[in-house]
Amino acid sequence: MNSESETVNPMRFAQRRTVADPARVLILGGTSEALQIAAHLAARSDVMVISSLAGRVNQPRLPVGKVRIGGFGGVDGLASYLKQENIAVVIDATHPFASRISRNAEIACQSAGVPLIPMERPPWQPGERDRWVTVPDLQAAAALVNNQASRVFLSIGRQELGAFSGCSSAWFLVRAIERPDELPPKSKLILNRGPFHLEAEIQMLREESINLLVSKNSGGNATYPKIQAASELGIPVVMVDRPAKYTVPAAATPADVLLKLEELLGYPI
Ligand code: NAP
């Protein structure tokens, strides 16, 4: 990493960009919000949008506009990429649980002198009827649910199922977009991609006699119906808290991100 941090020069953005010299905006993606922001910006001729995906899913939902796939090679790799590609602004619209890329983005942007717009969708909050036990991480969730009587709905993605590999007592209904490398010892796998709907979620929880749900507190609408379904059926939820992502305040929505981008570029977006 460059030891000397460059400062951001607002004059860089004072002039309206043109088709010949568009503002190059990098979106760190992997979320529905990143897709929305990319679709909005790709329609403009004064902005050139590049979306970056980690490459975890074999058939990702591809954003509109230019896309690159794969890690950058840590902070140094990302800082070099920003300079090589002459990136004017970085928008970090990654998932609330993708904390490493966000930390890297904050440091790399500072080092390369490129402004960063971080976005983090608000977490879900428990309602009056919700029965949540909040835990700090998936290991704590695994320790809590490993009981012979537990029939657990586990929908946490496929990367971190290893946290439940030692759970030999509980039974798990695992839902993922693609087949995971490992599953808990006693489990059934469903492959499916959201958004999901309340009625279908209620039916699934009933049919599988689920009596416990483990969820990351991802926020957003796409996967919220499982939380609503648990609430309707009186099923307790082990809710995994978010890791800390940024040292600076983050935008909450794509609209907030676009407002911040407007401020930086100095013209309406
Ligand atoms: P992470 O732990 O924060 O990042 C691990 C490494 O993956 C990063 O250091 C970076 O590699 C690479 N990476 C992550 N996001 C990237 C991106 N958008 N473009 C290029 N490289 C990226 O991330 P994660 O939790 O594994 O999540 C990976 C991706 O899946 C993210 O884009 C996130 O938005 C999406 N996602 C995650 C979750 C979740 O629950 N974690 C859920 C839904 C979607 P280098 O250091 O080599 O640059």
* Asked: Of all residues in the stretch 197-213, how many are open to solvent by 30 Å² or more (accessible area, probe 1.4 Å) and either of a type in the set (G, A, S) or within 21 Å of the chain's Cα centre (by Cα) (or both)?
  -> 3
* To do: Determine the pairs where a residue that is among the charged types (D, E, K, R), located within the stretch 52-75, has a partner that is at pLDDT 95 or above and not in a loop (DSSP other than H, G, I, E, B) with Cβ atoms under 6 Å apart, the partner being 6 or more residues away or on another chain.
  => K66/I50; R68/S52
* Determine which member of the set A141, A176, A149 is aliphatic (A, V, I, L, M) and open to solvent by 10 Å² or more (accessible area, probe 1.4 Å). => A149
* Residue check: is I50 in contact with a helix residue (DSSP H, G or I) (Cβ under 8 Å, 6 or more places away or on another chain), within 17 Å of A88 (Cα to Cα), more than 10 Å from the ligand (Cβ to nearest atom) and modelled with pLDDT of 95 or more? -> no
* Asked: So which pairs qualify, if the first residue must be in the stretch 76-105 and touching a residue at least 40 places away in the same chain (Cβ under 8 Å), the second must be surrounded by fewer than 17 Cβ atoms within 10 Å (Cβ to Cβ) and among the polar types (S, T, N, Q), the Cβ gap must be under 8 Å, and the two must be at least 6 apart or on different chains?
  -> A79/N2
* To do: Could you please give the count of residues in the stretch 92-111 that are open to solvent by less than 10 Å² (accessible area, probe 1.4 Å) and touching a helix residue (DSSP H, G or I) at 6+ places or on another chain (Cβ under 6 Å)?
  => 4
* **In the stretch 79-105, the residues that are within 11 Å of the ligand (Cβ to nearest atom) and part of a loop (DSSP other than H, G, I, E, B)** => A93, T94, H95, P96, F97, A98
* Asked: In this structure, is K188 of a type in the set (K, R), part of a helix (DSSP H, G or I), in contact with a strand residue (DSSP E or B) (Cβ under 7 Å, 6 or more places away or on another chain) and open to solvent by 60 Å² or more (accessible area, probe 1.4 Å)?
  -> no
* To do: Sort through M11, M1 and tell me the only one that's modelled with pLDDT under 65 and either within 30 Å of R61 (Cβ to Cβ) or within 16 Å of the ligand (Cβ to nearest atom) (or both).
  => M1
* Only residues that are open to solvent by 10 Å² or more (accessible area, probe 1.4 Å) and either free of Cβ contacts under 8 Å to residues at least 24 places away in the same chain or aliphatic (A, V, I, L, M) (or both): list them for the stretch 214-248, please. => A222, L233, I235, A244, V248
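The values are calculated or read from the model by the stated rules, or taken from the named source; none is laboratory data. From a predicted model like this one, the values you see are computed outputs, not experimental measurements. Backbone-built Cβ (ideal geometry, glycine too); neighbour counts: all protein chains shown. To get the accessible areas, we keep the full protein, side chains included, count just its heavy atoms, and leave off ligands, DNA and RNA. Shrake-Rupley method; radii C 1.70, N 1.55, O 1.52, S 1.80 Å.
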